[in-house]
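Step one of this worksheet: look at the structure below.
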Amino acid sequence: MMVEDELALFDKSLNEFWNKFKSTDTSFQMAGLRDTYKDSLKAFAEKLSVKLKEEDRMVEMFLEYQNQISKQNKLIQEKKDNLLKLIAEVKDKKQELEVLTANIQDLKEEYSRKKETISTANKANAERLKRLQKSADLYKDRLGLEIRKIYGEKLQFIFTNIDPKNPESPFMFSLHLNEARDYEATRQAGSSS
């Protein structure tokens, strides 16, 4: 029963009591009515007390549920925040990956250009070496050139076919780099004048 129903029942009991009280004169009946009134008031107080306890329990349960919902909402918010952080980290990592991929592509292109440059330089060096070898062979055949490495990082050049009157007479000089990184040539003994 609701509290309003209880109040209506109590009001009805009071009215009945008053009507009985007005219609009787005797003190015996008055005492009975007074006892009846006290009994109905006590019963009403007990019922009201039980209802109040039930309502208190319902309020406590409501507050407990509200507390649990609040805790759940906090947990959900924490998980949402963590998820947003993870999503941001994934986006950052994705951007880093894109930058690294672009850098790798640039490095590959640079490597390809350098490889081409090196290949071109190697071909040019091979061609120069071929011409140099041809020139060295020509000097060797025609002028009797012989090149020797001697002490102190020097190269010694010996020509034997310089003087047509004396083809076995050697002409020698040495060549080396000085401290200033300039070439220095030194004529050596045994050379013709």
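The values are calculated or read from the model by the stated rules, or taken from the named source; none is laboratory data. The shown structure was predicted, so the numbers you read here are calculated from the model rather than taken from an experiment. Every residue, glycine as well, gets a Cβ built from its backbone with ideal geometry; the counts of neighbours run over all protein chains shown. For the accessible areas, the whole protein counts, side chains as well, though only heavy atoms, and no ligand, DNA or RNA atoms are used. Shrake-Rupley method; radii C 1.70, N 1.55, O 1.52, S 1.80 Å.
Some notes on this structure:
- Taken as a whole, the structure leaves K42 outside the set of residues that are surrounded by fewer than 10 Cβ atoms within 10 Å (Cβ to Cβ), closer than 22 Å to F10 by Cβ and modelled with pLDDT under 95.
- Only one of the numbered conditions (1) open to solvent by 100 Å² or more (accessible area, probe 1.4 Å); (2) in contact (Cβ under 8 Å) with a residue 24 or more places away in the chain is violated by Q95, and that is (2).
- Looking only at residues of region 137-150 that are over 21 Å from E184 (Cα atoms) and basic (K, R), we find that the one that is surrounded by the fewest Cβ atoms within 10 Å (Cβ to Cβ) is R142.
Condition check ((1) touching a strand residue (DSSP E or B) at 6+ places or on another chain (Cβ under 6 Å); (2) open to solvent by less than 90 Å² (accessible area, probe 1.4 Å); (3) modelled with pLDDT of 85 or more) across all residues:
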residue	(1), (2), (3)
A121	no, yes, yes
L129	no, no, yes
S135	no, yes, yes
G152	no, yes, no
L155	yes, yes, no
I162	yes, yes, no
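- Test for K51: is it assigned to a helix (DSSP H, G or I), open to solvent by 100 Å² or more (accessible area, probe 1.4 Å) and not acidic (D, E): no
- Close pairs from region 158-186: first in a loop (DSSP other than H, G, I, E, B), partner of a type in the set (K, R), Cβ under 9 Å, at least 6 apart: N161/R142
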